[in-house]
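The values are calculated or read from the model by the stated rules, or taken from the named source; none is laboratory data. Being a predicted model, the structure only gives us computed values, none of them experimental. Please note: Cβ atoms are built from the backbone with ideal geometry, for glycine as well, and neighbour counts cover all protein chains shown. Remember, those area values only see protein heavy atoms, side chains included, never the ligands or the DNA or RNA. Shrake-Rupley method; radii C 1.70, N 1.55, O 1.52, S 1.80 Å.
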Amino acid sequence: MPHIVTAFDDDLMMIQARISEMGGLAEELLAQALEAVEKRDAALAERVIARDKRIDELEIEVEEAATQLIALRQPMAKDLRVLISALKISTTLERIGDLAKNIAKRAIVVTKHGPVKLTSSIIRMGRSTQAQLSQVLNAYTARDTDAAVAVWQRDVEVDEMYNALFRELLTYMMEDSRMITAGAQMLFIAKNLERIGDHTTHISEMVYYIQKGEPLGDDRPKGEPVGLDAE
Amino acid sequence: MTNMRMAEQAARHQDNKIEARDVHVYYGANEAIKGVDVDILDKTVTAFIGPSGCGKSTFLRCLNRMNDTIDGCRITGQILMDGDDIYARSVDPVQLRAKVGMVFQKPNPFPKSIYDNVAYGPRIHGLVSNKADLDEVVEKSLRRAAIWDEAKDRLNEPGTGLSGGQQQRLCIARAIATAPEVLLMDEPCSALDPIATAQIEELIDELRSSFSVVIVTHSMQQAARVSQKTAFFHLGEVMEYDDTPKIFTNPENPKTQDYITGRYG
Ligand SMILES: Nc1ncnc2c1ncn2[C@@H]1O[C@H](COP(=O)(O)OP(=O)(O)O)[C@@H](O)[C@H]1O
Ligand SMILES: [Mg+2]
C-alpha cells in the first residue's frame, strides 16, 4: 500500500534504486577483477580500480538520503527497517567494492609474474562468490526471504573452496619457492573472495530482517577456517 | 534525554492497575467500542493511538466513568481497578475521579487563582484539614507538575493568565493534587508548541514513577517517546496491544503497520 504522503514513497524508492545501482556495480567490478586475474589484463584491472570510486559516492548518497529521511519523516516499522537496512547494505556493498578493487590491484602484480597454476580454481571460486552476490541482490529487490536464506546457507561452499585453495597454494609455494610472490597474491585474492562471501550473507540477513522484523540468527553453516593455529 | 532510556522502555513485568474486559460502549444505537480487553499496568505510561473517531477518547472516559455524564451513553463489560469493579453500585463516581484524574486536550483552568485551581480538589474531597496542609499540597503539586518556579510568585493571579503550556501543567498539578493513582490524558499536547510539549512529556515520564498514566495521542512520535505500552485502536476495537518498541519497529497486525507508517487509507 502506498504512503499517504507520496513524496515519502518516492524517497524510499530512490534509496532502494541507489542500492540496486551499487549492487550492480559491485557485481560488475567483481566480474571484471576476476577477468583481469584470468586474462592477465592489467588495463582492465586499472579500470576496476578507477570505477570503485563510484560505489563510494553512491554509499555517501544513500547515507545522506537515509539520514535525511529518518530526520524528516520519522519512519516506523517496516519503513524504518528498510532504511536501517539500506544504510547497512550500502556499507556492505562499499566494502565488497573495496575487496574487488583489491583483487584488481593484486591482478596487476600477478601479471608481472609468470602464469600461476591454480588460477582456474581461484576463478571458479570467484564465479561462485559472484553468483551468490547476484542472487542475494535479486532476493533484495524481490524481497524474497527464502532466496536470501538459501544464499546464506550456501556460503559454506565458498568457505570450503577457500580452505581447499589455501592448502593447494601453500603446497604449490613450498614446492617452488619462485612462486611465493605470485602465490601469496593469489592467497590474498582467495581470502578477499571469502570475505565477499561473508558480506553477501550479511545482505541475506538484512533481507530477512526487512521482511520478518527479527534477526536471521548467527548459526550460519561455516567452513572451518584453516591457517589458524589450533588453540 | 530521558526518552532515550531504551533499556527501560520495555515495560518491566508489573501488576495490572486496571483490567478492562469485553467493554462495549454505545451512544444511542451507535456502538463506539466493540469489545475491548486491555490491561493497564501500574507505574507505566500506556498510549492509545489510532485514527480519529476510532474510540480512544470514549474508552479513556470509561476508565473514570466520565461517560456516565453523557446522555444516551451505555457501557457493558467490566472494568476493574486493583481488582474492584469501578462500575459497582457502591462506587461513587466523584470519589473515583479523585483516584483517576484526567487532563484534557485544551488546557481548561478554572476562572480562579492559580492557588485555588490546585486547592479545589483537595478541598472538595476533604483531603486536608487546615490552611498549612493545603499550602503544602498546592506547593507539592505545582512542583510535581514542574510549574512551581513559574507560578510561586503569582499564586493569587488567575490561572487563565498563564501561557498555554503553563496552563496545561497547572491542569496536571490540579489533577495530581488529589493524589490520584491513575492519570488519564486526552491529547494533552495538541494545543501546545514543541517546547511546551517536551516539558509535558518530560513531566509524564517523571509522573510514572508514582502513577499509572494513560495518554491518548494522535502523534505517533509522541506515543513512541513517552510510553512503554501502546494500544492501537481501529473502528472501536483494539487491533494490537504490546510493548511500545515492538509496536513501532515490528507490529504484528498489518493494520497497525499501515497506520503507523502512514498508509492508513
Ligand atoms: N458524546 C458523544 N455522543 C455521541 N457520539 C459520540 C460522542 N463522543 C464520541 N462519539 C462517537 O463515538 C465514536 C468514537 O469517538 P471518540 O471516542 O471521540 O474517538 P477518538 O477519540 O478516537 O477520536 C465516534 O463515532 C464519535 O462520533
Ligand atoms: Mg479523541
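Helix A:77-111: angle to the longest alpha-carbon principal axis of chain A, degrees 0 to 90, nearest 10?
20 degrees
Please report how far the C-alpha centroid of the stretch B:101-169 lies from that of the stretch B:191-265, rounded to the nearest whole angstrom.
Here the answer is 27 Å between Cα centres.
Take the solvent-accessible surface of the protein heavy atoms, probe 1.4 Å, and return the percent of it on the stretch A:7-212 that carbon and sulfur atoms account for.
Numbers: 4650 of 8860 Å².
Carbon and sulfur together cover 52 percent of it.
So if I average 1/r over every pair of distinct C-alpha atoms in the stretch B:90-240 and take the inverse, what Kirkwood radius in Å does that give?
Working: mean 1/r = 0.0630 Å⁻¹.
Over the stretch B:90-240, the inverse of the mean reciprocal pair distance is 15.9 Å.
Quick one: buried accessible area between A and B, total over both chains, 1.4 angstrom probe, nearest 100 Å²?
Working: alone 11610 and 12290 Å², together 22720 Å².
Summing both sides, the interface buries roughly 1200 Å².
If the cut-off is 17 Å between C-alpha atoms, which lysines fall inside it for A:LYS88, apart from same-chain ones fewer than 8 positions away?
Of all the lysines, those that pass the test against A:LYS88 - Cα under 17 Å, at least 8 places apart if same chain - are A:LYS78, A:LYS212.
For q = 0.08, 0.10, 0.14 Å⁻¹, what log10 I(q)/I(0) does chain B give under the Debye formula with an equal point scatterer on each alpha carbon and no solvent?
Computed log10 I(q)/I(0) values: -0.31, -0.50, -0.98.
Can you count the Lys pairs in chain B whose Cα atoms are under 15 Å apart, with each pair 8 or more apart or on different chains?
Taking chain B as the scope, the lysine pair count is 11.
Quick one: give the max-minus-min coordinate of the C-alpha atoms of the stretch A:7-212 along each principal axis, largest first, in Å.
Reported extents, whole Å, longest axis first: 62, 33, 20.
Compute the long axis of helix A:42-73 from its Cα atoms, compare it with the longest principal axis of the Cα atoms of chain A, and write down the angle in degrees, 0 to 90, nearest 10.
The answer is roughly 20 degrees.
Rounded to two decimal places and with Rh computed the Kirkwood way over Cα pairs, what is Rg over Rh for the protein assembly as shown? Don't skip to the answer; put the middle values down first.
Working: Rg = 31.7 Å, Rh = 26.9 Å.
Radius of gyration relative to Kirkwood radius: 1.18.
What Kirkwood Rh does the stretch A:1-116 have if only Cα atoms enter the pairwise 1/r average? Answer in Å.
Working: mean 1/r = 0.0649 Å⁻¹.
Every distinct Cα pair counted, the radius reaches 15.4 Å.
Report, to two decimal places, the Cα Rg of the stretch A:63-138 normalised by 2.2 N^0.38 Å (N = number of residues). All intermediate terms of the calculation are to be shown ahead of the outcome.
Working: Rg = 18.6 Å, N = 76, 2.2 N^0.38 = 11.4 Å.
So the Cα radius of gyration is 1.63 times the expected 2.2 N^0.38 Å.
On average, how much area does the Cα convex hull of the stretch B:168-265 cover when viewed from any direction, in nm²? Intermediate results must be reported in sequence, preceding the final value.
Working: hull surface 27.3 nm².
Computed as one quarter of the Cα hull surface, the answer is 6.8 nm².
Let me understand the stretch B:53-95 better: what is its radius of gyration from the alpha carbons, and its Dmax, in angstrom?
10.6, 32
Could you state the accessible area per residue of the stretch B:183-265 in Å², with a 1.4 Å probe and every protein chain left in place?
Working: 2830 Å² over 83 residues.
Per-residue accessible area for the stretch B:183-265 comes out at 34 Å².
Does any residue of the stretch A:1-48 lose at least 50 Å² of accessible area with all protein chains in place compared with its chain alone, and if so which ones (probe 1.4 Å)?
A:MET1, A:ILE4
Taking only Cα atoms, what is the 0 to 90° angle, nearest 10, from helix B:114-124's long axis to the longest principal axis of chain B?
The helix B:114-124 is inclined about 80 degrees to chain B.
What do you get for Rg/Rh over the stretch B:174-216 if you use C-alpha atoms and the Kirkwood form of Rh?
Details: Rg = 10.5 Å, Rh = 10.9 Å.
That ratio is 0.96, to two decimals.
Starting from the Kirkwood Rh over alpha-carbon pairs, what translational D in µm² s⁻¹ does the stretch B:109-178 have by Stokes-Einstein at 4 °C and 1.567 mPa s? Could you put the intermediate results ahead of the total?
Details: Rh = 11.5 Å.
Answer, rounded: 113 µm²/s.
Could you list the trypsin sites (Lys or Arg not before Pro) in the stretch B:74-130 that lie in coil according to DSSP, counting only those with at most 15 other Cβ atoms within 10 Å of their Cβ?
Details: sites: B:ARG74, B:ARG89, B:ARG97, B:LYS99, B:LYS112, B:ARG123; in loops: B:ARG89, B:LYS112.
Here the trypsin sites (Lys or Arg not before Pro) that fit, given the DSSP loop and packing criteria, are B:ARG89, B:LYS112.
Would you mind working out the accessible area per residue for the stretch B:92-144, using a 1.4 Å probe, and quoting it in Å²?
Working: 2880 Å² over 53 residues.
On a per-residue basis, 54 Å².
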